[in-house]
Amino acid sequence: MTRARVIPTDRIICGDALETLRLLEPETVHLAITSPPYNLSKPYAEHHDEMNYSEYLDWMASVWAEVKRVLVPGGRLCINIGENKRRNITYPTFSAFIQQCIDAGYLYRGTVIWNKNSAAKHCAWGSWNSATNPHIVPRHEYIIAFSKDDFRLDGKKEDCDLDKDLFMTCTRSVWLFGTESKTRIGHPAPFPRELPNRLIQFYSFKGNVVLDMFAGSGTVGVVARLLGRKFILIDNSREYCKLALSRIQSEAGRGLFDVDGGVKAEIMDIDDLIQ
Ligand SMILES: C[S@@+](CC[C@H](N)C(=O)[O-])C[C@H]1O[C@@H](n2cnc3c(N)ncnc32)[C@H](O)[C@@H]1O
C-alpha cells in the first residue's frame with residue numbers, strides 16, 4: 001500500500017480510522033478533534049463498543065500516534081472522553097489517554113472539564129443517603145489537549161477569529177454547555193456544536209485543516225466549514241458518513257458547490273485513497 005499523495009480535504013472518508021490515517025500524508029493537519037468510541041456498549045452501526053479494555057487502549061494509542069504523524073509541527077489534538085463506568089467499574093480512561101499521548105511524544109496542553117449542565121434524572125446513587133457505598137454520578141466529560149513538537153502554531157493574525165469574550169471563556173478550564181439530542185441528529189453520541197466551535201476557534205486559524213477520525217454525524221465538519229476551515233472526516237459506518245454529508249450540505253454548504261451546482265464535499269472509500 002502506498003500513501004496518498006494529495007490530501008483529500010473537505011472529504012468524508014468511509015473506512016477504518018487507523019487504516020485511513022496511515023494513508024494520509026504527514027504534516028498536513030492543523031487540528032484534530034475527536035470523541036472516540038468510549039467502549040461503553042454504544043449501539044454503533046459498524047463497531048462493537050465492548051472491547052477487551054487493554055485491547056481498546058492499545059488501539060487508541062495507535063490512533064494517537066498516527067494522528068501525530070499527520071499533524072503539522074505545532075498542530076493540536078483534542079480528545080473528548082467521559083467518565084468510563086461499566087458494570088460498576090470506573091476505568092480511568094481519560095488519564096490513560098493523557099499518559100498515552102505523552103508517551104507518544106505529544107506536549108500536554110491541559111484538560112477542560114465539560115460541565116454538561118445535565119438535567120437528566122439523577123439515579124444510581126449507590127447506597128442512598130448512606131456512607132456505606134455512595135456513588136459519584138458523572139455530570140461532566142473531559143477534553144484533553146496536546147500539541148505536536150511545539151506549543152505555538154504559526155498563523156496570521158487576520159486568520160484568527162477569536163474575540164475577547166470567547167478567548168476568556170475558552171481559557172477557563174470548566175466549560176458549561178448542554179449535550180446534543182441523539183434523536184434529533186440520528187446518531188448515538190453526537191457532539192453539541194459548541195464543543196468543536198470553541199476548540200476550532202481557540203486552537204486553529206481560518207484556512208487550517210481540521211480532522212475528526214471518528215466523525216460520526218460530522219459535527220466537526222459542519223462547524224469547521226462554518227468557520228472557514230477545511231475538514232477531513234473519517235468514520236467506518238457508511239450510514240454515518242451519509243448523515244455527515246447531508247448535514248454538511250444542508251447546514252454549511254455555502255461555497256461547497258461548484259458552478260454547475262455539483263457538491264465539492266463527498267464521501268470517499270478508503271480504497272480511493274490507495275494510489
Ligand atoms: C463517539 S462517536 C463520534 C460522534 C461525533 N463526534 C459526532 O458529532 O457525531 C464515535 C464514532 O466512531 C465511529 N467508529 C467506531 N469504530 C471506528 C473505526 N474503527 N474507524 C472509524 N470510525 C469508527 C463510530 O461509527 C462512531 O460514529
> Looking only at region 186-210, which residues are more than 8 Å from the ligand (Cβ to nearest atom) and of a type in the set (F, W, Y)?
Replying inline: F202, Y203, F205
> In this structure, does Y56 turn out to be within 16 Å of the ligand (Cβ to nearest atom), in contact with a strand residue (DSSP E or B) (Cβ under 7 Å, 6 or more places away or on another chain), within 30 Å of V137 (Cα to Cα) and aromatic (F, W, Y)?
Replying inline: no
> Given (1) of a type outside the set (D, E, K, R); (2) at pLDDT 90 or above; (3) away from the ligand (no atom under 11 Å from the Cβ), where does V63 come up short, assuming only one miss?
Replying inline: (3)
> Are there any pairs with C-beta distances below 6 angstrom linking a residue in region 218-235 that is within 11 Å of F205 (Cα to Cα) to a residue that is part of a loop (DSSP other than H, G, I, E, B) and away from the ligand (no atom under 14 Å from the Cβ), with the two at least 6 apart or on different chains, and if so which?
Replying inline: G228/K206; R229/N208; K230/T9; K230/D10
> Are there any pairs with C-beta distances below 9 angstrom linking a residue in region 97-119 that is under 23 Å from R152 (Cβ atoms) to a residue that is assigned to a loop (DSSP other than H, G, I, E, B) and hydrophobic (A, V, I, L, M, F, W, C), with the two at least 6 apart or on different chains, and if so which?
Replying inline: L107/F151; R109/F151
> Name the residues in region 158-185 that are free of Cβ contacts under 8 Å to residues at least 24 places away in the same chain and within 16 Å of the ligand (Cβ to nearest atom), would you?
Replying inline: S181, K182, T183, R184
> What number of residues within region 238-275 satisfy the criterion of being polar (S, T, N, Q) and modelled with pLDDT of 95 or more?
Replying inline: 0
> In this structure, is E50 surrounded by fewer than 19 Cβ atoms within 10 Å (Cβ to Cβ), within 16 Å of the ligand (Cβ to nearest atom) and within 21 Å of L243 (Cβ to Cβ)?
Replying inline: no
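The values are calculated or read from the model by the stated rules, or taken from the named source; none is laboratory data. These figures come from a predicted structure and were not determined experimentally. Reconstructed Cβ throughout: ideal geometry from the backbone, glycine too, with neighbour counts over all protein chains shown.
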